[in-house]
1. Mind telling me which of I62, I149, I39 comes out most flexible in a GNM of the chain, alpha-carbon contacts under 10 Å?
2. At a 1.4 Å probe radius, which order do M114, M83, M23 fall into by accessible area, largest first?
3. Are there trypsin sites (Lys or Arg not before Pro) in region 85-174 that DSSP marks as loop and that have at most 13 other Cβ atoms within 10 Å, and which are they?
4. Where Lys and Arg each count +1 and Asp and Glu each count -1, what net charge lies around T123 among other residues with Cβ under 10 Å from its Cβ?
5. Here are several values of semi-axes √(5λ) of the Cα gyration tensor in Å: (1) 66, 19, 13; (2) 32, 20, 14; (3) 24, 21, 13. Which one was derived from the coordinates shown?
6. Taking the Cα centre as origin and putting +1 on Lys and Arg beta-carbons and -1 on Asp and Glu beta-carbons, what dipole magnitude results for the chain, to the nearest 20 debye?
7. Counting only protein heavy atoms, what percent of the accessible surface of the chain is carbon or sulfur at a 1.4 Å probe?
8. Scanning the chain for GluC sites (Glu not before Pro) in DSSP loops with at most 16 other Cβ atoms within 10 Å, what's the longest stretch left with none?
Amino acid sequence: LEINKLHINQIIHPVDLDMHDLMKEITTNGKVENIEIKIYGSKNKEADGLFSCVTLYKDDSIKSFQGTIKNISGYKKTNSLLMRSIDKVQENERKRIAGDLHDSLGQQLVGIKMMMNSFISVTKENKDRKYLQEINNNITATVEELRSICFDLMPGTLETFGLKAALEELCIKT
């Protein structure tokens, strides 16, 4: 794009055309770097742009400005796709970890709790029963904490009923 042959109105979108503050910053600081603006891209379609500009001086007075405007729409689209892909991978990993914790560690703890209940029921000594019950209470608390961790990793409500229901459940829970 040959900017020298175009008027600034043909490049920068009207929403970002008021450059008074920007020009003030350029003249005060001597430059601006990587300011996101709206521009007209190919076929006069609105696009995302990146604007940088420096002040050129001669004999301690401003001679001119030199700037670049770069169309970053493709970059932003690619970045958005990448972020969605990363989110999906993270979601799948959270789901896998929550399932693994629930199916392995959770089941083992429930099995230990059932054995502990059996020991409590056959233990004659009151002191021993009290000690075993305390251990059983700790196992119960651990199972509840594990369930909470699994829920926080991937709420079943979110997967089954969607975001609104999951948020309502979270509000009730807290």
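The values are calculated or read from the model by the stated rules, or taken from the named source; none is laboratory data. Note that this is a predicted model, so its numbers are computed, not measured. Every residue, glycine as well, gets a Cβ built from its backbone with ideal geometry; the counts of neighbours run over all protein chains shown. For accessibility, only protein heavy atoms count, side chains too; no ligands or nucleic acids. Shrake-Rupley method; radii C 1.70, N 1.55, O 1.52, S 1.80 Å.
1. Comparing I62, I149, I39 in a Gaussian network model of the chain, the most mobile one is I62.
2. Greatest to least solvent exposure: M114, M83, M23.
3. K124
4. +2
5. So the structure-derived entry is (1).
6. Approximately 340 debye in magnitude.
7. 55
8. Excluding the exposed sites themselves, the longest stretch runs over 3-124.
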